[in-house]
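Read the structure below first, then the notes.
Readers should treat all values here as calculations from the given coordinates under stated rules, not as data from a laboratory. All values derive from a computational prediction rather than experimental measurement. Cβ sites come from the backbone with ideal geometry, for glycine too, and all protein chains shown count toward neighbours.
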Amino acid sequence: MPFPNKLIAGLAALGAGLALHGSAVAADGHFTAEQAARGQTQYNSNCGSCHGMQLEGGVGPTLKGTDFLGNWGTAGGIYDYFSVAMPPTAPGKLGEAVYTDILAYILSANGLAAGSEELPADPAVMNAINLTEAAAANAGNAAPTATTAEAAPAAPVPQAFTFGKALPTKQPDGTVKDVTSGSAAANP
Amino acid sequence: MTLRLTTKLLAFTALSAMALPAFAQDAAAPAAPAPRTYKPVTNEMILNPPPEEWISWRRTVDNQGYSPLDLINKDTVKNLELAWAWPMAADGQQEAAPLVHDGMMFLSTNQNIIQALDAKTGDLIWEYRHVLPEIPASWGYQLNQARRQKNSIALYDDKVIVATADAKLVALEAATGKVAWETQVYDTMKGYSYTVGPLVVNDKIISAISGCSIAGTAGGCFIAAHDAKTGKEIWRFNTIDDPKNPEQEASWNGVPPENRWGGTPWTTGSYDPRTNTTFWGVGMPGPYSQLIRGSGEGPVLYTNNTLALDADTGERKWNFSHLPADNWDLDSPFERILVDEGQGDAAKHLLVTVPGKDGIAFGLDRDTGKYLWSRDTVYQNVVKSIDAEGKVTLNSDLVPTAVNQEVFVCTSVSGGKLWMTGAYSPKTQTYYVPLAEACNTVTPTVTEFTAGNAVGATKFGPRVLPPNITNGGVVEAINVADGARKWRLEQRPTFSSSLLATAGGLVFGGDAGRFLMAIDDETGQVVWKTRLNAPIGGYPMTYEIDGEQYLAVPTGFSAQASSSASMFPEIPVPSGSGNSLFVFKLRNDTQTASK
């Protein structure tokens, strides 16, 4: 049986509460509000015309939501991609500081909370920011407020055959452990 | 539920404009245009179109993308000049495939906006705007489907057949743009949407649905036939669940249909009247990685296959697996071109294709599905070998065995080969294919699937050039007899349009650097080029009216240009999308046919 959203959100909340324990790193608090504001200015100038001023997508894909967060897995995943490939008019040319600020804004726009320290352009830090967990929390939070859409589909969303089963999973230290698919620890 | 901008409305708008002071001194209102007649497109015409027209996606239903016109040729191409241009009605991926019949151009753009234009003058005749349902903003993948509509229409009788992003088939009156009938074929709220246009043969609309990697579509992806007069369904073939074939059922290794995705046939199929067979390419499986899919080393049929189906019944005649057990989203749905090699009774009936993103070219016997030849075109590291029977052996080092295990794969999720379609010239017996050198990292992840979104469960790194390669853009000329390379054109910017082959000895296409090119079909030399406003896109095509040959070329936003821009930073891709159509013809004073 697939894990219901609520259970995942619950696990994520539990993870957030126990941020200092184990490998479940809280997604919040990895950038400052000022940094995200700088990033918003840069985003509007360099990214918004294709990805939308609300990150809703245009000719480029949306940069918001559970699908986007889940696809990249970690903040480092996003950085590795867009700091090389984007924007198409000047791929990789915006400089480390600007890419990092824009990333802070993208995280902020996806509901991650600001903290007291700026996000550094450090792969180890970025790779530790787990977006799958944030996505699950968002999915849980989104459910009660999704009344603007006409009728939310009643049927549960089908999941992968392996969802909720143990899968070999590579850990940050390089070892492989069996981890239950769908749990917060599955994408360290 | 549809809006139309009819000539009446246009006339009204013109009258309103004339009421403004700035226009008050103009002479009398223009006479209302005479109602336009329209010559119906017959079944026979579809199989054997007039040389001066382009009435199906690739002009002929063998998908050759070839025109017998030759006024524009190696000698005269230098005299091309602009006849008219037109801005497209919607932005998004430029994948437009204009059709021309009876002096009218039918232009389908993203968001299923269809326009009829005078093909000679560029005047608008009518416009149809399909009203798409409101989809929740969180359904990111599905929302994008309406922004990547390709080759979206077909002509039949006195109708224009449209397959829409909300999974409907709509028949418009070709003369007026009025809706004749429409039918809801699939449930779009599950994720289904048409992104490719139908094939129409023998009074049947044969179409394939897209969106089968969206969570809600689990268990079903389809090729189907409908009565072209009424829209009534005749048959339906499921590309990922075929209980009539035990081998297909076993190939998913115990994964039940409700946990299977993918198998989207997202390129319009071809048709052979000799055997009444329709040929379709099928896309990748979902989730992308066998580890997450749960299918082990199973070849997950009919993903990444060629399917040969009886056009009357939808019964499978044969299937051929080009990339079994895909782990990298290297799907293989692209053009299947039907070619007869040699003459008369000795002619070989071939299907030639570069079916998948990995860029491997194949030749098959289209009557039996028997493997004839294959060859790598661009650098790829996923297929280790293909034996004499056509059995594909994968590079097992690149099959991830753990979640979060990153592998470096060539080609990439954005090709290799992509939707940009190759063309075949019967004059040279050569298949011309636009390709790209590309690699990316692929990492399986675990995600909970959400409504309206894809089930890839994979993280892709940026698209990069393979080691020791600096030219990303490639056109190959492939001898269809044995797959041998006749020539290869290389450059840094990637090619972003489909190709057009003509009897004038030219292959037309264009690149991310905004150059439209005419390539010598025998040597691969660029004999003429001109720079337009945006990456060249869609499907360049040609037609003739009143003794003059026209060349129509779409330009605009290209995800291929954008995703490969870091490979040629010296040629920036423009910020604006600029989706447009440019129509060229030879300068009047250089043509003998006119003054």
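With the highest mean first, a sort of the peptides B:398-405, B:257-264, B:519-526 on other beta-carbon atoms found within 10 angstrom per residue produces B:257-264, B:398-405, B:519-526.
Treating r as the C-beta distance of residue B:376 and residue A:34 and R0 as 56 Å, the FRET efficiency rounds to 0.60. Excluding same-chain neighbours fewer than eight residues apart, the lysines reachable from residue B:244 by a Cα-Cα span under 20 Å are B:317.
Would you mind checking the tilt of helix B:7-18 against the longest principal axis of the Cα atoms of chain B, expressed as 0 to 90 degrees and rounded to 10? With rounding to tens, the tilt is 50 degrees. For the peptide B:555-562, the mean number of other protein chain Cβ atoms found within 10 angstrom of a residue's Cβ is 3. Take B:41-52, B:501-512 and order them by the average number of nearby Cβ atoms within 10 Å per residue, most first; the result is B:501-512, B:41-52.
The convex hull around the C-alpha trace of segment B:302-356, projected and averaged over every direction, spans 4.8 square nanometres.
Peptide A:76-88 is shielded by partner chain Cβ atoms: per residue, an average of 5 of them sit within 10 Å of its Cβ.
Between residue A:155 and residue B:525, the FRET efficiency from the beta-carbon distance, with R0 = 45 Å, is close to 0.20. Answer with one residue from B:287, B:558, B:334: the one whose Cα lies farthest towards the positive end of the charge dipole of chain B, charges on Cβ with Lys, Arg +1 and Asp, Glu -1. Of the options given, the answer is B:558.
Quick note on segment B:240-333: its Rg to Rh ratio, both from C-alpha atoms and Rh being the Kirkwood radius, is 0.98.
Pairs of lysines in segment B:86-243 whose Cα atoms sit within less than 18 Å of one another amount to 14, provided the residues are eight or more positions apart or on different chains.
Calculated mean residue ellipticity at 222 nm for the protein assembly as shown: -4500 deg cm²/dmol, from DSSP H runs with n ≥ 4 weighted as -39500 (n - 2.57), summed, divided by the residue count and rounded to 500. Taking every residue in B:286-294 and counting other chain Cβ atoms within 10 Å of its Cβ, the average works out to 3. Between residue A:180 and residue B:250, the modelled label-to-label distance comes to 3.5 nm, taking each label 7 Å out from Cα in the direction of the beta carbon.
Kirkwood hydrodynamic radius computed over segment B:63-111 comes to 13.8 Å, based on all pairs of distinct alpha carbons.
Compute the Cα gyration tensor for the protein assembly as shown, then decide on rounded, prolate or oblate, letting a ≥ b ≥ c be the square roots of its eigenvalues: rounded whenever a/c is under 1.5, prolate when a/b is larger than b/c in the other cases, and oblate in all that remain. Verdict is prolate for the protein assembly as shown. Here's the list of aspartates and glutamates a cross-link from residue A:165 could span, going by alpha-carbon distance under 16 Å and ignoring same-chain residues fewer than 8 apart: A:178, B:448. Oblate is the label for segment B:38-95. Its Cα gyration tensor axes, ordered a ≥ b ≥ c, give a/c of at least 1.5 and b/c at or above a/b.
The 3J(HN,Hα) values that the Karplus relation (6.51, -1.76, 1.60; θ = phi - 60°) gives for segment A:79-88 are, in residue order, 4, 4, 6, 7, 6, 9, 9, 10, x, x Hz. Gly and Pro appear as x. Over chain B, what portion of Cα pair distances is larger than 30 Å, expressed as a whole percent? When every Cα pair of chain B is considered, 49 percent fall beyond 30 Å.
Between residue B:124 and residue B:393, the FRET efficiency from the beta-carbon distance, with R0 = 51 Å, is close to 0.40.
Electrostatic bookkeeping for residue B:357 treats Lys and Arg as +1 and Asp and Glu as -1; over the other residues with beta carbon under 9 Å from its beta carbon, the sum is -2.
Computed about the Cα centre, the dipole magnitude for segment B:462-595 is approximately 360 debye when only Lys and Arg (+1) and Asp and Glu (-1) carry charge, each at its Cβ. Taking a straight Cα-Cα cut-off under 19 Å and skipping sequence neighbours fewer than 8 places away in the same chain, the lysines within cross-link reach of residue B:486 are B:74, B:417, B:427.
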